[in-house]
Amino acid sequence: MSNPKQPAASAPTTAITPTREENYAEWYQQVVRAADLAENSDVRGCMVIKPWGYATWENVQRVLDRMFKDTGHKNAYFPLFIPLSYLEKEAEHVEGFAKECAVVTHHRLQPGTKADGKPGLVPAGELQEPLVVRPTSETIIGASFSKWVQSYRDLPLLINQWANVVRWEMRTRLFLRTTEFLWQEGHTAHATSEEAMVETLKMLEVYADFAENWMAMPVIKGEKTEGERFPGAVNTYCIEAMMQDRKALQAGTSHFLGQNFAHSSDIKFSDANGSVSFAWTTSWGVSTRLIGGMIMTHADDDGMVLPPRLAPAHVVIIPVTHKPETAQAVHDYCVKLAADLRTIHYAGRTIDVELDARDIRGGDKAWQWIKKGIPLRVEVGPRDMEQDSVFMARRDRGHKEKVSVKRDEFLATIVQTLEDMQSGLFARAKAHREANTQRIDSRAEFEAFFGVKNEAESEETSSGGSVKGGFALAHYAPDPAVEDELKAKFAVTCRCIPVDGNDEPGTCIFSGKPSSRRAVFAKSY
RNA sequence: CGGGGUGUAGCUCAGCUUGGUAGAGCGCUUGCUUCGGGAGCAAGAGGCCGCAGGUUCAAAUCCUGUCACCCCGACCA
């Protein structure tokens, strides 16, 4: 494939322009579009999740839902609308979310004159009390919990809901931060502080397990410092992943809420001795942001790369049928191959197959699937059929690197091949994180590692290849003032204080105070 | 809410300075030739130039107003 307009030495072409090196943020948008995962809606800040993206989310849901049920949780559904007064009950909670709430004030439209003087429909029937579109559901679920919990025998109460929420963000990006997004939120109530904390950490573990073993995205489990804590929580735990541009992505959170929401929602129970106590609650969630994490962890300059275990389809069969005399036979052969593949079990379901018999050119077709990130592509033409073999390409290898495999062998090894890709993706992502994680032992080293803010920004827009930083592991005695300064000067935040048990005494590189372990610092999404 | 920018075909944009009946590329439709890795040629469909005023014989173009969106900041899963 040569480009007549360019000299022979022209750079290799990529399916996505710009490349990650050239402009990471724009590359991300282009991958989402080229992979047909989602698109912008006419509604500001909202996205349309397209079938390929939604099917990926459905796989996330299916696997996580099983994990939640296996840990004793039940699904339920609570209203989209939250009375304003509910939100006002928990002081920190209001403060945290008030600035980004969509508020419903009317319940009817009627013909009238709009603000711009034109005739049209105008809101009528003002509500006595405005309703807030849930930015999260602690308060309204708390209201139910207070009714459901009377006795210690009602505890623990382990509930999850799959829902949409709305947070009126200033700046949005597909999957990573949209005004409306899909998520799950777990809400639990317990008799003791200890039990609630065990739950909080158990679900953190579930998230880490899912991220690493299903998304192939290595994560660091840790606790947030005060400034990054969920509004109203006593402790917030998180999983943090490193994206290919070395920025951190918070991929999931689990909160120990203490008795804060039990107080504000009046969740009380009588214990075995007949004395009344407030319950201890937790909440935890992951969202469609995970899809953004998958993209930024695995995708390359040719588009999406899906971890096989969560891919909407594992393999696409592309019949090569441009010779009319063999077209029908090839097609029949492919239908049979698809049927046989669909009997094979993999990662909790059967192999999902796309048989792409569309009447478009083969090269174009193959590239569409490359961009969508399907793990395996197999071409079957008359020559392959004669030899009873398929021509297979893996998405984690070069797009020209194809091998002829006997049909039986292909069927016998496909599970192993997919698992191989799955673990390969994880290993690659982990190696990238480790290569860009540094132990930092002084403030000077820290500043050199991240550079000053303005410098970093100009680098980002021009050549992403020289962006400084990554994960810095430094001793730190938590202090909000220090974090404010780091954010202002370096656009760096304390991502978390890891809970991996690797305690190590030292001194804070900012204050010189004693520190019992290293924290993770990074630029973040 | 501050600072910058942009509204023209489904998408990306040119045209505007210097007014003269609407353009390109991609995509789409049809036909022919191609076809084991992003095809070529030909024909075709598709736009009240964001909206409202004004200037003018004449406005995508100049003027005024307005709305929307985008980017940068403050805020965030």
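Just to be sure, is A:Arg349 within 9 Å of RNA strand B (Cβ to nearest atom) and over 20 Å from A:Asp300 (Cα atoms)? Before you say what the answer is, go through the steps one by one.
On the way: within 9 Å of RNA strand B (Cβ to nearest atom): no; over 20 Å from A:Asp300 (Cα atoms): yes.
Against the criterion (within 9 Å of RNA strand B (Cβ to nearest atom) and over 20 Å from A:Asp300 (Cα atoms)), A:Arg349 does not qualify.
Which condition does A:Val234 not pass, out of (1) buried (at least 22 other Cβ atoms within 10 Å of the Cβ); (2) within 16 Å of RNA strand B (Cβ to nearest atom); (3) of a type in the set (A, V, I, L, M), if it passes all the others?
Looking at each condition in turn, A:Val234 falls short on (1).
Has the stretch A:211-228 got at least one residue that is part of a helix (DSSP H, G or I), more than 14 Å from the chain's Cα centre (by Cα) and either within 11 Å of RNA strand B (Cβ to nearest atom) or assigned by TED's automatic domain parsing to the domain that holds A:Cys494 (or both)?
yes
Can A:Asn75 be described as surrounded by 13 or more Cβ atoms within 10 Å (Cβ to Cβ), under 30 Å from A:Arg349 (Cβ atoms), in contact with a helix residue (DSSP H, G or I) (Cβ under 7 Å, 6 or more places away or on another chain) and modelled with pLDDT of 90 or more?
Working: surrounded by 13 or more Cβ atoms within 10 Å (Cβ to Cβ): yes; under 30 Å from A:Arg349 (Cβ atoms): yes; in contact with a helix residue (DSSP H, G or I) (Cβ under 7 Å, 6 or more places away or on another chain): no; modelled with pLDDT of 90 or more: yes.
Considered against the rule, which asks whether it is surrounded by 13 or more Cβ atoms within 10 Å (Cβ to Cβ), under 30 Å from A:Arg349 (Cβ atoms), in contact with a helix residue (DSSP H, G or I) (Cβ under 7 Å, 6 or more places away or on another chain) and modelled with pLDDT of 90 or more, A:Asn75 comes out as no.
Applying the selection to the stretch A:113-160, what residues are at pLDDT 95 or above and part of a strand (DSSP E or B)?
Listed by number, the residues that qualify are A:Ser151, A:Leu157, A:Leu158, A:Ile159, A:Asn160.
Can you report the number of residues in the stretch A:162-186 which are crowded, with 18+ Cβ neighbours inside 10 Å, within 9 Å of RNA strand B (Cβ to nearest atom) and in a loop (DSSP other than H, G, I, E, B)?
6
Report yes if A:Gly227 is among the small types (Gly, Ala, Ser), at pLDDT below 95 and closer than 30 Å to A:Tyr24 by Cα, otherwise no. Spell out how you get there, then give the answer.
Details: among the small types (Gly, Ala, Ser): yes; at pLDDT below 95: yes; closer than 30 Å to A:Tyr24 by Cα: yes.
The answer is yes for A:Gly227.
Suppose the filter is closer than 23 Å to A:Thr56 by Cβ, more than 8 Å from RNA strand B (Cβ to nearest atom) and within 34 Å of the chain's Cα centre (by Cα); does A:Arg377 pass it? Show your work before the answer.
Details: closer than 23 Å to A:Thr56 by Cβ: yes; more than 8 Å from RNA strand B (Cβ to nearest atom): no; within 34 Å of the chain's Cα centre (by Cα): yes.
In short, no.
Pick from the stretch A:397-421 the residues that are within 14 Å of RNA strand B (Cβ to nearest atom) and under 21 Å from A:His298 (Cα atoms): which of them is surrounded by the most Cβ atoms within 10 Å (Cβ to Cβ)? Spell out how you get there, then give the answer.
In the first step, residues of the stretch A:397-421 are kept if they are within 14 Å of RNA strand B (Cβ to nearest atom); the result is A:397-407, A:410.
With the extra rule that they be under 21 Å from A:His298 (Cα atoms), the set shrinks to A:397-402.
Numbers: A:Arg397: 12, A:Gly398: 9, A:His399: 14, A:Lys400: 6, A:Glu401: 10, A:Lys402: 17.
Per the criteria, the residue is A:Lys402.
Given the criterion among the acidic types (Asp, Glu) and in contact (Cβ under 8 Å) with a residue 12 or more places away in the chain, identify the matching residue among A:Glu194, A:Glu212.
On the way: A:Glu194 fails: in contact (Cβ under 8 Å) with a residue 12 or more places away in the chain.
After ruling out the rest, the residue left standing is A:Glu212.
State whether the residues of the stretch A:24-39 include one that is more than 18 Å from the chain's Cα centre (by Cα) and either more than 12 Å from RNA strand B (Cβ to nearest atom) or at pLDDT below 90 (or both). Walk me through it before giving the result.
Going residue by residue through the stretch A:24-39, those that are more than 18 Å from the chain's Cα centre (by Cα) are A:26, A:34.
Imposing the further condition that a residue be either more than 12 Å from RNA strand B (Cβ to nearest atom) or at pLDDT below 90 (or both) reduces the set to A:26.
Checked the stretch A:24-39: at least one residue is more than 18 Å from the chain's Cα centre (by Cα) and either more than 12 Å from RNA strand B (Cβ to nearest atom) or at pLDDT below 90 (or both).
The values are calculated or read from the model by the stated rules, or taken from the named source; none is laboratory data. Quantities reported herein were computed from a predicted structural model and do not represent experimental measurements. Don't worry about glycine lacking a Cβ; one is built from the backbone with ideal geometry, like all the others, and counts go over all protein chains shown.
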